[in-house]
Structures are given as C-alpha cells and as structure tokens.
Amino acid sequence: MNTPYPPAAIQVAGLCKSFGEHIVLDRIDFSVPQGSIFSLLGPNGAGKTTTVQILSTLIKSDGGEIGVGGYDLATQPENVRSIIGVTGQFSAVDELLTGRENLILMGDLHRLPRGESRRIAADLLEKFDLVDAADKVASSYSGGMTRRLDLAMTLVGDPRIIFLDEPTVGLDPRSRRAMWDIIRDLVAGGVTIFLTTQYLDEADQLADRIAVLHQGRLVAEGTADQLKRMVPGGYIKLDFHDRDELAAAAQAFGNATQVNGDLTLAIPSDGGVRSVREVLDRLDVARIEAAGLSVHTPDLDDVFLALTGGHQNDKENAR
C-alpha cells in the first residue's frame, strides 16, 4: 500500500534538554520527511543550536525518542553519524590550507583512498564554483567562498541528511542567494535539509515546513502559508474600473475599506481558497465585475512577532 507522505528522515517525540535549572527544550515534537527542507525558526537563545547538537550526536538529550535516518539516536549514534553532515554556525575551514587541501583532509577523515578524495575534491570545487580559488589558502577567501567551502566539506561523506545551523549569517545578499541555490540543488538530489535560521525570508524561500521555537517549546508548525494565515491582518484586494463599481462593491462588502483613495477595496480575509471563493460568489450575485483581485497575507515577520511576543529589536535581529 502506497503512503501519501514520504517516510520521515527525522522523527522527534518529547525531546527535553536542560542546562542546570535552565530548561532549553521542553518536550518538543516534530517530523521531517525525506528529501525536504525543514526550518527551525526562533530568536536568539530559543534552543535552535541545542536541537542541532542533539540530533547530530554532539550532545545528549535529557529525554525523548529520536530517530535520524531510521536509526535510534540513543542506541545507534555511530549509524546516525555515518549518514549525516553538519555545517555549524562557525566555519570548520582550516584557513592555513587551500580549498583543495581542506576537501582532501575531509576525505582522509572519512578514510577514503587518497585518489578518491582527490576526485571528490575536484568535483566539489567545480560544483561550488571554487575552481579558480582551489589552490589558494582559505584565509584569502571571501565570506561567501568560505561558507561554500564549508558546505562542500560537509558533502565529502555523501550524507543523506544535512544540518545547516544558520548557514548564511554574515553573508551579503548575492552570496546568500548562491547558498540558497546550492541548498535547493541538494534537496533536488534527494538530500534532507534541517535548517536553523533567524532570517525569515530565508525560511520563507527555502522551507517546505517551518517550526517556530520559543522559550524551549514549539509554538507553531506548518508551511509558510499556513503560518501566515494564523495571524490576523490578511486581506483580499479588489480593483475596479470606475467609482460606480467601487461604490457598489463597498455596499456589498460592509467590512471593506477603500485603499489610499484609489479604485481599490481591501476586504479582511485569511487568504484561504474558501475566502476567495466567497468574495467571487458575492461579486457574481451583485453583478459586479472587478478589474483585478489579489490576496495579501501577513509575512513571516508578523508571524514571528505574534508567536514569540517579540519587540522591534527582535524583528531587526530576525531580518
């Protein structure tokens, strides 16, 4: 029997972690399907990095059941390590070595034959657009180049699951988008990505599902569109050819407001298909023809602030 969803690459139930009396993770649950991008979103100190450290076997949890790649994290950590890769907040690149030497070193750590390590290094240098800088010391690399090399090093072991802990922090917009393209290509090849980020547009652009972590608990989970519909403030915008049509529509929709004095009405809505259908049906009944219709929902900034109770400074950090 075919299942409607792909099997889980990561399955977490009741994950707990405390440092002394400080509770960092308080019985969190989530599931990450194979070949998808799952983004864990949250402010500084929310527990994102701790979650990555636990799932990648770097530290132990205090409780919960965790499966990674079909292996039990508690009893089969070696098996888990054999199928994962980790790119942390801080680069693992050795700046005294060249890009090529860094990649070959990773091959040595994976106990690959030297010839195989050289072949993999050459392939990754080409894939990550680092051929021209391959034999330059990494200390001469820009931030974007260093980050690309760091991720390339993670791929030497051909991992099925990759943990990216805030991979684009400090990168310029062009380098960030280049990294996004690389991440999309990895997923297209069947890799599962577990991404933590404070950049809301990054989660919006990349993630198949997003979980919001706040004060050690998951306060929401879903697609970007589902999360946006959780926050009030969405509306359907109707444009009209003339003021007679505008006036008729304003009468048909008692809760509509005129936008900026133009021939446009904004009707409060959650942005869902049913809401759009109801608006169109009401226009048909009133025999009003709109010149255009568009749906506007709150962005992830609004969701983030609503769910975490953040202030403007938090929003700036998130951006």
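Every number here is computed from the coordinates shown, using simple stated rules; none is lab data. Bear in mind the structure is a predicted one, so any value in this text is a computation, not a measurement. With ideal geometry, Cβ positions are generated from the backbone for all residues, glycine too; neighbour counts draw on all protein chains shown.
Things worth noting here:
- Ranking ALA8, LEU58, LEU112 by Cα position along the charge dipole of the chain, where only Lys, Arg, Asp and Glu carry charges on their C-beta atoms, puts LEU112 farthest toward the positive end.
- Given 15 as the ceiling on other Cβ atoms within 10 Å, longest exposed-site-free region of the chain for GluC sites (Glu not before Pro) in DSSP loops: 96-288
- Set of lysines with alpha-carbon distance to LYS228 below 16 Å, sequence-local pairs under 8 removed: LYS315
- GNM result for the chain, Cα springs below 10 Å: residue of ASP284, ASP165, ASP123 fluctuating most strongly: ASP284
- Spatially near lysine pairs across region 15-138, Cα under 27 Å, sequence gap of 8 or more or different chains: 4
- Max mean-square fluctuation residue, GNM over the chain, Cα-Cα springs under 10 Å, options ILE162, ILE59, ILE28: ILE59
- Placing +1 on the Cβ of every Lys and Arg and -1 on the Cβ of every Asp and Glu, with no other charges, gives region 235-296 a dipole of roughly 180 debye about its Cα centre.
- Counting neighbouring beta carbons within 10 Å and listing from fewest to most, the residues ARG287, ARG147 come out as ARG287, ARG147.
- Most mobile listed residue (ARG277, ARG118, ARG81) in the chain, GNM with C-alpha springs under 10 Å: ARG277
- Listed by Cβ neighbour count within 10 Å, with the fewest neighbours leading, LEU265, LEU171 appear as LEU171, LEU265.
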